[in-house]
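Working notes for the structure below.
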Amino acid sequence: MNKIVLGIGEIVWDCLPGGRKLGGAPVNFAYHCKELGAESYPVSAVGNDALGDETLQQCRSYGLCTDYIGRNSLPTSRVLVTLDTAGVPSYEIVENVAWDALEATSKVLSLAAGADAVCWGSLSQRSAGSRNAIMKILEAVPKDAIRVFDINIRQKYYSRDIIEESLDKATVLKLNEDELPLVLNLIGANGIDDIIKRYSLDYLIYTSGASFSEIHSPDGVISHMETPKVEVADTVGAGDCFTAAFVTSVLNGSSPSEAHAKAVSMSAWLCTLPGAINTLKR
């Protein structure tokens, strides 16, 4: 495919009931884009600690480049993940970790200047330093690149300012059934169409868990698909896989509807496997 894709933000160890697994939305996204043929890079930070060493080693074992994962004196991130009876996760996220000090280095900015697509969320902007770095990186991304704000609201780590500034930078917004009413209330929008118009979005991706998902454009709903019924191991990382499949498909020239179908299929497959990072090659 020869397309450059960046996943910017948190990189964490998900502490699941069955053990630790590497995760974090940006690294999940980058991994799945790589699996689907893109030249993809996680942009994040880990600590100068043993878990940071393990993180970099694990990323390399997954075939991910670690050249844009910085290191600093803060600890490498851990997240306690609990699953409900349907396999849906909830998260307890430790503060003051390495990715809270993410940096927009000249090396990262050079990479961003050649990006075809980039994805980021709200959690990684909880510290002023990382938020400023992410905005600086996004400024370096070409204007014609796909810029996905996959909002991924977690706990208290969001604000109106974070959401609006990211929407100003985005061409695509992705959110779920819990996040949509929260966003509408925070920014004072009257619905999906109002969000798209206000921020000149190309697409708004709306997911409603086990029910359905939709792709909205300035012309309205252009694709609606029911969620496949599968035997769920857990849903950790399914949304990141969905985003990766949609983005890589569009970069490959697929229509939004075709990209949507690929995203639904790939994310459903991932739900049958434990954890966020699993091969998509069937």
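Points worth noting:
- Within segment 87-107, the residues that satisfy the criterion of being of a type in the set (A, V, I, L, M, F, W, C), modelled with pLDDT of 95 or more and not in a loop (DSSP other than H, G, I, E, B) are Ala98, Trp99, Ala101.
- Verdict on Tyr31 being part of a helix (DSSP H, G or I), closer than 20 Å to Ser249 by Cβ and touching a residue at least 60 places away in the same chain (Cβ under 8 Å): yes
- Helices (runs of 4 or more DSSP H) fully within segment 179-273 counting 3 or more residues that are surrounded by 20 or more Cβ atoms within 10 Å (Cβ to Cβ) and touching a Cys at 6+ places or on another chain (Cβ under 6 Å): 238-251, 256-271
- Checking the stated criteria, Ser110 turns out to be assigned to a helix (DSSP H, G or I), hydroxyl-bearing (Ser, Thr, Tyr), exposed (fewer than 14 other Cβ atoms within 10 Å of the Cβ) and over 16 Å from the mean Cα position of the chain (by Cα).
- The lone exception for Arg20 - which of (1) over 24 Å from Ser106 (Cβ atoms); (2) charged (D, E, K, R); (3) crowded, with 21+ Cβ neighbours inside 10 Å it fails: (3)
- Candidate set: segment 113-129, residues that are part of a helix (DSSP H, G or I) and more than 16 Å from the chain's Cα centre (by Cα); chosen: the one surrounded by the fewest Cβ atoms within 10 Å (Cβ to Cβ): Ala128
- The selection criterion, being under 20 Å from Trp120 (Cα atoms), under 19 Å from the mean Cα position of the chain (by Cα), at pLDDT 95 or above and surrounded by fewer than 16 Cβ atoms within 10 Å (Cβ to Cβ), does not hold for Asp150.
- Some residue of segment 44-65 being modelled with pLDDT of 90 or more, part of a strand (DSSP E or B) and among the hydroxyl-bearing types (Ser, Thr, Tyr): yes
The values are calculated or read from the model by the stated rules, or taken from the named source; none is laboratory data. Computed from a predicted structure; not experimentally measured. All Cβ positions, even for glycine, are placed from backbone atoms using ideal geometry, and neighbour counts span all protein chains on display.
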